[in-house]
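Below is one structure, written out as structure tokens, with a few remarks after it.
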Amino acid sequence: MIAKLAAFVLFAALPFVAAAKDLTVYFIDVEGGQATLFVTPAGESLLIDTGWPGFNGRDADRIVATAKAAGLKQIDYLLVSHYHIDHAGGVAQLAERFPVRTFVDHGESVEHDDAAKKLYADYLAARAKGKHLEVKAGDKLPLKGLNWTVVSAAGNVLTKAMAGAAKTNPFCAGFQAKAVDESENARSIGSYIVFGKFRAVDLGDLTWNKEHELMCPEPKLPPVSVYIVTHHGSDQSSAKPMVHGLQPRVAIMDNGAKKGGSPEAWNTIHDSQGLEDIWQVHFSVEGGQKANTGEKMIANMTEAGDAAHSLKLVAHEDGSFDVTNARNGFTKHYAAK
Ligand SMILES: [Zn+2]
Ligand SMILES: [Zn+2]
């Protein structure tokens, strides 16, 4: 009888055990900011950024709802990519609503106008209630079952190539630098995430010249399965040596209706060899009919009052992965290569 019961319990638990072996990533709609929640195969959680402040805690509420639906009781690591209001703005509101254990950042802000000072002070007050981990390029985050490398932080990028990176990058030729970016964007924490044969990159709002430093003359980053589109698809990021050098199969863009989603970045991504699909959190007004992906791969089609649908990525250890649009339930499977 007991053996029978044990067998039943084991059987009943199987689907959950299987699901827990995946890496799941939620691209939460924070209207053109960033809030990307990773749930690891070991059940740990890492949230990259918290969206905007204000709106009665709108973005924090969306993050908490997603985290709870994912079965989380806390955010183990909150990685604040840089101190801009669409990334770090919602930290205090999130920490009021949901336990955040360890705050990961690149150190002090370099922006000092009144709004930036308030943003940073509010962040420090929230951070004081948890643990703090300051990271630099080359560091690894202590997540189980994943290899999470910090590839940029505080304006520095990896100096040595990661294992598996190509020796040369043909897309460095013809690169045109932009004016030096003195803002927090250029100081974004960039992450390279390896789970089995699956690889993804998230560079926060890292800008043009720093992307070039990471990928030229020889690339520091190996090719990826998924490119989490830098800077919401702004034309200040997604330089060709980065995007084409990464050879992504799929790009996922956390743009807003009128933030990011620039035709220039979209076209660079679209034209990258081997690119299979672009998924977007929003239809881009600027992109119009020519620089938006198909409707079924866009989570939110309208400009105002949308239902804040998310995109979900489930990555498997063999390198295969699935992306789902929460608005219409459309899922596409990408077989291992
Ligand atoms: Zn941003
Ligand atoms: Zn920014």
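The values are calculated or read from the model by the stated rules, or taken from the named source; none is laboratory data. Source: prediction; values computed, not measured. Note: ideal-geometry Cβ built from the backbone for every residue, glycine included; neighbour counts use all protein chains shown. The protein model used for the area step is the full one, side chains on, heavy atoms only, and it has no ligands, DNA or RNA in it. Shrake-Rupley method; radii C 1.70, N 1.55, O 1.52, S 1.80 Å.
With respect to (1) in contact with a helix residue (DSSP H, G or I) (Cβ under 7 Å, 6 or more places away or on another chain); (2) away from ligand 2 (no atom under 15 Å from the Cβ); (3) assigned to a helix (DSSP H, G or I); (4) not small (Gly, Ala, Ser), the lone exception for Glu211 is condition (2). Is it true that Met242 is within 18 Å of Ile28 (Cβ to Cβ), without any contact (Cβ under 8 Å) to a residue 60 or more places away in the chain and of a type in the set (A, V, I, L, M, F, W, C)? No.
Report yes if Leu124 is of a type in the set (A, V, I, L, M) and either over 30 Å from Gly54 (Cα atoms) or not in a strand (DSSP E or B) (or both), otherwise no. Give the steps one after another, and end with the answer.
Details: of a type in the set (A, V, I, L, M): yes; either over 30 Å from Gly54 (Cα atoms) or not in a strand (DSSP E or B) (or both): yes.
Considered against the rule, which asks whether it is of a type in the set (A, V, I, L, M) and either over 30 Å from Gly54 (Cα atoms) or not in a strand (DSSP E or B) (or both), Leu124 comes out as yes.
Residues being within 16 Å of ligand 2 (Cβ to nearest atom) and either open to solvent by 10 Å² or more (accessible area, probe 1.4 Å) or in a helix (DSSP H, G or I) (or both) are represented in the range 91-99 by at least one member. Condition check for Ser81 on (1) within 16 Å of the chain's Cα centre (by Cα); (2) of a type in the set (Gly, Ala, Ser); (3) open to solvent by 30 Å² or more (accessible area, probe 1.4 Å): one failure, at (3).
Checked across the range 187-204, the condition of being open to solvent by 10 Å² or more (accessible area, probe 1.4 Å), within 16 Å of ligand 1 (Cβ to nearest atom) and either part of a loop (DSSP other than H, G, I, E, B) or closer than 27 Å to Tyr77 by Cα (or both) holds for at least one residue.
For Gln74, state whether it is within 29 Å of Lys258 (Cβ to Cβ) and more than 16 Å from ligand 2 (Cβ to nearest atom).
Details: within 29 Å of Lys258 (Cβ to Cβ): no; more than 16 Å from ligand 2 (Cβ to nearest atom): yes.
Criteria not met by Gln74.
Pairing residues of the range 92-108 that are under 25 Å from Ser152 (Cβ atoms) and without any contact (Cβ under 8 Å) to a residue 60 or more places away in the chain with residues that are among the hydroxyl-bearing types (Ser, Thr, Tyr) and outside any helix (DSSP H, G or I), at Cβ distances under 6 Å and at least 6 apart in sequence or on separate chains, gives Leu94/Thr50; Thr102/Tyr77.
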